[in-house]
Each structure stands twice: as C-alpha cells, then as structure tokens.
Amino acid sequence: FPSHDMNIVEFAEDILFNADPSYKLYPQQRAVLRAFYNEELTEEDRSILEEWYGLDRSTWVEGRQYINLVLEAGRRGSKSTIASIIALKEFYDLITLESPAKTYNILPNDPIAIFVISQSQDQAKETIFAKIKGYAEGSMYFKGLEDSGIIEILSEELRCPSKNIGIYAKHTNSRALVGYSLKCLILDEAARFETSKETGINGADLMWKNVGKGTSAFKKHGRKIAISSAWEIGDPIERLYLDSQTDPKT
C-alpha cells in the first residue's frame, strides 16, 4: 500500500486518476478538498475561499478543524466529483490501516461503513455511487487491489472483505442503516429528499441527524457530507448551510 498519510489532492491525482497523468483537479476542487481536510492551503486556495466567504457563499474560516461539508452547486459544479473523491479517500485510509478497529477503538469484526444515501434506490446506484465505482475501476491502484482479491467492486458496494469495510449505496427506505460503525455519511442531492406525510420530518434531516450519529464512533475522524443543487427556498440543503453558519465543524 502507498502511504496512509497521503494528502487529498495527491490521492486524487496520483492514486485515483493515475491512469491519466495529465488529469488535474480544478483550482476550486482543490480549495474545497484541502479546506475540508484541514490541509495546508496554497495562496490560490486561500484566494478562492476568501472570495466565496466575502460573497456570503461560504462559512469557511481558516484554522478551524472541519469534519462536515455542505456543498451546494449547480449542474456540473463538481459536487459529485468532490464527494466521490472523499468517499474513496475515506475507504483508502481505512483499508491501509493494519487494524482499523484497533486504531479507532471499536469492536473487532464490527462492520465499518461509508454510506452514500439518496432519495430512491435507482438514484442511489446511478448518481454518486456510479461515479465512485467508475473512478475505482479507472484507477490502476484500485483495479490492482480488485485483481488481487483485496477489494470487490460491485454494483451497489465497494468493499474490503478481510477488514469488513465497505462503501454502500443506500436510499432513504433502506432497512440496514444502523448497526455499522459509520466512518462517513454522504447525502446525494439532499434538497430533493422528501418529507414524510406521517411524521413531517424531511428525509435529509433524518439521515443527517440520526443516521449521521453513527460517525461519532470515529470522533474527529468521522465525516458527514451533504451535496445538492438548490431546489426551493428553505429546502434541506439551504437549512444545512444556514446551520453551518453557527457550527464551526461544518
């Protein structure tokens, strides 16, 4: 395995996209990823983040230690690319540990999960998870792990059976959303999650607050990400962004 301490941009460009050395992240993608992973920023990163903050498009403050990310952008605005890179980096960081359970002080043999949750089952397989799967299959590194039997790349899962770690495509009606030690939760198109007529609770709020509690097993290393284009005033992605204004971890 390469170094477990590889930074997020190196991981994306040297591990994930290593089949095409000419591929590089856009400056805005680099800025978001480095800020989220609390890594050293370049002057270009800082300029982009400060501009967004000045336009009231970001709650980023330099020096804070972030564990949650709320990302609202239009179509082709890099949302799914950024979320897919994060999902695969979290998976990579886990499988490169000799003993993830011992490192994070969780019970041996407990399943460790990264959830990618969408409103419907079809969306769960066809959006972010499809991109995660495609990136893994296009990476010489991950493809080598699959060929050697270390990982399995399936239609709704990407997993490392020997360490009981997986990325799973889920939806709001999935039965198995509890019982995992949750390293990372990703909500795909959060603005389009429906509100229950029976409870009056929106699915995105439920997933973020309740299912997201599973990330507490990893303390400051557990992560939550919500991505979406805007849908309507007061939709879940806007509410999460407003909440982030008073949450220094988001």
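The values are calculated or read from the model by the stated rules, or taken from the named source; none is laboratory data. Because the structure is predicted, anything quoted here is derived from the model rather than measured. Backbone-built Cβ (ideal geometry, glycine too); neighbour counts: all protein chains shown. Ligands, DNA and RNA are excluded from the accessible area calculation, which covers all protein heavy atoms including side chains. Shrake-Rupley method; radii C 1.70, N 1.55, O 1.52, S 1.80 Å.
Structure data summary
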quantity	calculated
Hits in the stretch 40-61 (condition: surrounded by 13 or more Cβ atoms within 10 Å (Cβ to Cβ) and under 26 Å from TYR135 (Cβ atoms))	LEU41, THR42, ASP45, ILE48, LEU49, TRP52, SER58, TRP60
Residue selected from the stretch 85-104 under the condition part of a helix (DSSP H, G or I) and of a type in the set (Asp, Glu), by the criterion farthest from the chain's Cα centre (by Cα)	ASP93
In the stretch 220-231, the residues that are of a type outside the set (Gly, Ala, Ser), in contact (Cβ under 8 Å) with a residue 60 or more places away in the chain and open to solvent by 10 Å² or more (accessible area, probe 1.4 Å)	LYS220, HIS221, ARG223, LYS224
Considering residues of the stretch 11-38 that are at pLDDT 95 or above and charged (D, E, K, R) only, the residue surrounded by the fewest Cβ atoms within 10 Å (Cβ to Cβ)	ARG34
Test: residue in the stretch 149-159 that is outside any loop (DSSP other than H, G, I, E, B), within 26 Å of LYS24 (Cβ to Cβ), modelled with pLDDT of 95 or more and within 18 Å of the chain's Cα centre (by Cα)	yes
The one condition in (1) out of contact with any strand residue (DSSP E or B) (no Cβ under 8 Å at 6 or more places or on another chain); (2) without any contact (Cβ under 8 Å) to a residue 12 or more places away in the chain that PRO161 fails to fulfil	(1)
Tally, over the stretch 187-227, of residues that are of a type outside the set (Gly, Ala, Ser), in contact with a Leu (Cβ under 9 Å, 6 or more places away or on another chain) and part of a strand (DSSP E or B)	5
Cross-chain or 6+ apart pairs with Cβ under 8 Å, the stretch 11-27 first and more than 16 Å from LYS89 (Cα to Cα), then in a helix (DSSP H, G or I) and open to solvent by less than 60 Å² (accessible area, probe 1.4 Å)	ALA19/GLY138; TYR23/GLU13; LYS24/GLU13; PRO27/ASP45; PRO27/ILE48
Cβ pairs under 8 Å, 6+ apart, first in the stretch 234-250 and in a helix (DSSP H, G or I), second open to solvent by 80 Å² or more (accessible area, probe 1.4 Å) and among the hydrophobic types (A, V, I, L, M, F, W, C)	ILE237/TRP231
Checklist (1) open to solvent by less than 60 Å² (accessible area, probe 1.4 Å); (2) more than 22 Å from ALA230 (Cβ to Cβ); (3) modelled with pLDDT of 90 or more applied to ALA176, failing item	(3)
Selected residue (only one of PHE129, PHE142, PHE193 is in contact (Cβ under 8 Å) with a residue 12 or more places away in the chain and closer than 20 Å to LEU240 by Cα)	PHE193
All positions within the stretch 62-84 that are open to solvent by 50 Å² or more (accessible area, probe 1.4 Å) and not polar (S, T, N, Q)	GLU62, GLY63, ARG64, GLU72, ARG75, ARG76
